[in-house]
Amino acid sequence: MVTHFELPAHVTAEQLIASVSEQSSLHLVSKHPVLKTYYDSFDWRLYRHDIICEFSQSTQASILQLSHRKTSELIASTTLIEVPSFSTQFSADKMRQILEPVLEMRALRAICHVECLVYQFDIVNNDEKTVLRIQIEEFERFNHRLSLFPIKGYDKVAGRIVEVIAEQLKLCAIDRPLLLDILKSQSRHPKDYSSKLDIPLSPDMRADIASKLIFSNLLHMLKVNESGTIANIDTEFLHDFRVAVRRTRVGLSQVKNTLPDDIVVRFKEFFSWLGQITSETRDLDVYLLNFEYYKKQVPVDLRASLDLLHELLAAKQRQAQKQLAKHLRSARYSTLLAAWEAYLGSTPNNKPTQVDAKLTIKALADLRIWKVYKRVIKEGEAIDQHTPPEALHRLRKTCKKLRYLMEFFQHLYAERRITSLIKQLKRLQDVLGDYQDYATQQQKLMHFSQEMQVSNAPDKTIMAMALLIEDFDKRKNKIRDHFTWQFSAFKKPENHTVFHALFATHHS
């Protein structure tokens, strides 16, 4: 097992080498500069799965290594000229098998880098056989590091040498990745971005002040995803950008009486516009992300004929993305976003005139969540097998409002209870979301099919698309049947009791 040590700040690489040389026969294998670059997705998916991704470049080789965050144990390694952006672009099977389910659609991005001088030594016995390999990494801004690599069959010899080195230099084995030290030097930390809301509200905070804090958190999420959305680094930047927009729109409609009317009107229009200009690109992203799944829904002999559809979708996505980037670089966008940020950063009015501004945020949260919850139940109970699809779409939007409100205010309630309710609501949302997605994709595919027929696409392509449209119709009907069961599970008496206890204490 590889052992890693961090040298005390006063111990130089030369001192370490001299100390080891006194105990053993040391042969220098190489000494060369290395550039270490650490990679992860923007939302730290590898780190969250206890994986450190390190790319070491030198004149000798360029190697990508995956190691366990807590034990430093090597998971996988491959020689590369450059690091691919997406897991699907890796040719090394093991590397791809590890990365693909973790990263999914997210791109690998360089997080940080550091230069070091690497010494590699072999310790040999009297028979000139290597019994231990040593690596020393010498840094300018960080403590040097020592790694000991035992050779199979010489574990006991290596163990004794490790003990001597550790005791003489007062070293302790470490399993903390260098990545943490580099990030700390940049005043950063792992997992410094998540799309999940974590807004530190206190129950007695004035409602208008708390509302601005919520909107400020959402604005930060929007802004950190802005450049990745414009550059089209991966599809999740736009997804998270849109989530921030949707949450803001829900906030403006649900806590509108805490803010001045002119502010609400002006920025509801602005965020509605942002929802519109990002919609087409996101829809096309989803089609392309799901395309391999689409192909599997048609007979094998028709799958290749769907490549024309993929080409059409990719061309439309490129055009939509180009238009979206233009919008997000426009004066309208930058001016209104700056105005929104300035308003949120302004000093609160000591004597607000809005109806709900002086309420405590807990009182307002109770009021809004309970009201929207009752609307969910009313709309859901009105749906049967004959209800038009628009009713399910309306219920889906109401559920979304309820979910966002509960996430905005989750710190005001017992974590275990509200988390359980959010999970159950999410299951209902998933059914409604799938129904809406299938209906939308079915409709859009019909439109694309008509477009391709006009351009004289091959009959096989049109036939394959017809099968896809039929498949979406079946899935849509099946998910609608599932809705009744899922809604019944959500509105069960036990859930209602918890909703009432949490949110309806003062206004049932």
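Could you check the range 440-468 and list, in sequence order, the residues that are under 30 Å from Lys397 (Cβ atoms) and open to solvent by 30 Å² or more (accessible area, probe 1.4 Å)? Before the answer, list the steps.
Of the residues in the range 440-468, the ones under 30 Å from Lys397 (Cβ atoms) are 440-451, 465, 468.
Within the range 440-468, Thr440, Gln443, Lys444, Met446, His447, Gln450, Glu451 qualify.
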**Q.** Only listed residue being in a helix (DSSP H, G or I) and open to solvent by 50 Å² or more (accessible area, probe 1.4 Å), chosen from Lys400, Lys374
**A.** Lys374
Q.
I need a count of the residues in the range 200-244 that are among the small types (Gly, Ala, Ser), more than 20 Å from Thr278 (Cα to Cα) and part of a helix (DSSP H, G or I).
A. 4
Q) Which condition number in (1) farther than 30 Å from Leu306 by Cβ; (2) modelled with pLDDT under 90; (3) in a helix (DSSP H, G or I) is the one that Trp485 fails? A) (2)
Q. Since Lys196 meets every condition but one in (1) over 15 Å from the mean Cα position of the chain (by Cα); (2) open to solvent by 60 Å² or more (accessible area, probe 1.4 Å), which condition does it not meet?
A. (1)
Q.
Please go through the range 84-110 and give me each residue that is of a type in the set (Val, Ile, Thr) and at pLDDT 95 or above, ordered by number.
A. Ile98, Val102
(Q) Which pairs turn up if I take residues in the range 330-345 that are over 12 Å from Phe271 (Cβ atoms) and look for partners that are of a type in the set (Lys, Arg) with beta carbon separation below 9 Å, at least 6 apart in sequence or on another chain? (A) Ala339/Arg266; Glu341/Lys223; Tyr343/Lys212; Leu344/Lys212; Gly345/Lys212
Q. What is the number of the single condition among (1) assigned to a loop (DSSP other than H, G, I, E, B); (2) within 23 Å of Ile17 (Cα to Cα); (3) of a type outside the set (Ser, Thr, Tyr) that Leu197 does not meet?
A. (2)
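Scan the range 207-220 residue by residue and report those that are in contact (Cβ under 8 Å) with a residue 40 or more places away in the chain and open to solvent by less than 60 Å² (accessible area, probe 1.4 Å). Before you say what the answer is, go through the steps one by one.
Applying the first criterion (in contact (Cβ under 8 Å) with a residue 40 or more places away in the chain) to the range 207-220 yields 207-212, 214-216, 219.
Matches in the range 207-220: Ala207, Asp208, Ala210, Ser211, Lys212, Ile214, Phe215, Ser216, Leu219.
Based on what the data block shows, is Ala501 open to solvent by 40 Å² or more (accessible area, probe 1.4 Å), among the small types (Gly, Ala, Ser) and closer than 21 Å to Asp437 by Cβ?
Numbers: open to solvent by 40 Å² or more (accessible area, probe 1.4 Å): yes; among the small types (Gly, Ala, Ser): yes; closer than 21 Å to Asp437 by Cβ: no.
Considered against the rule, which asks whether it is open to solvent by 40 Å² or more (accessible area, probe 1.4 Å), among the small types (Gly, Ala, Ser) and closer than 21 Å to Asp437 by Cβ, Ala501 comes out as no.
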Q | Unmet requirement for Asn456, which otherwise passes all of (1) closer than 17 Å to Ala489 by Cβ; (2) in a loop (DSSP other than H, G, I, E, B); (3) not basic (Lys, Arg) | A | (1)
Q: For residues that are open to solvent by less than 40 Å² (accessible area, probe 1.4 Å) and on the phi > 0 side of the Ramachandran plot, tally how many sit in the range 225-283.
A: 0
(Q) Looking at Ile369, Ile383, can you tell me which residue is in a loop (DSSP other than H, G, I, E, B), open to solvent by less than 70 Å² (accessible area, probe 1.4 Å), assigned by TED's automatic domain parsing to the domain that holds Asn225 and of a type in the set (A, V, I, L, M, F, W, C)? (A) Ile383
Q | Qualifying position, being closer than 25 Å to Pro33 by Cα, open to solvent by less than 70 Å² (accessible area, probe 1.4 Å) and either in a helix (DSSP H, G or I) or outside the structural domain of Tyr47 (by TED's automatic domain parsing) (or both), among Leu132, Leu171, Leu180 | A | Leu180
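The values are calculated or read from the model by the stated rules, or taken from the named source; none is laboratory data. These numbers come from a predicted model, not from an experiment. A quick note on method: Cβ atoms are made from the backbone with ideal geometry, for glycine too, and the neighbour counts reach across all protein chains shown. Just so you know, the surface numbers come from the protein's heavy atoms only, side chains and all, with ligands and any DNA or RNA stripped out. Shrake-Rupley method; radii C 1.70, N 1.55, O 1.52, S 1.80 Å.
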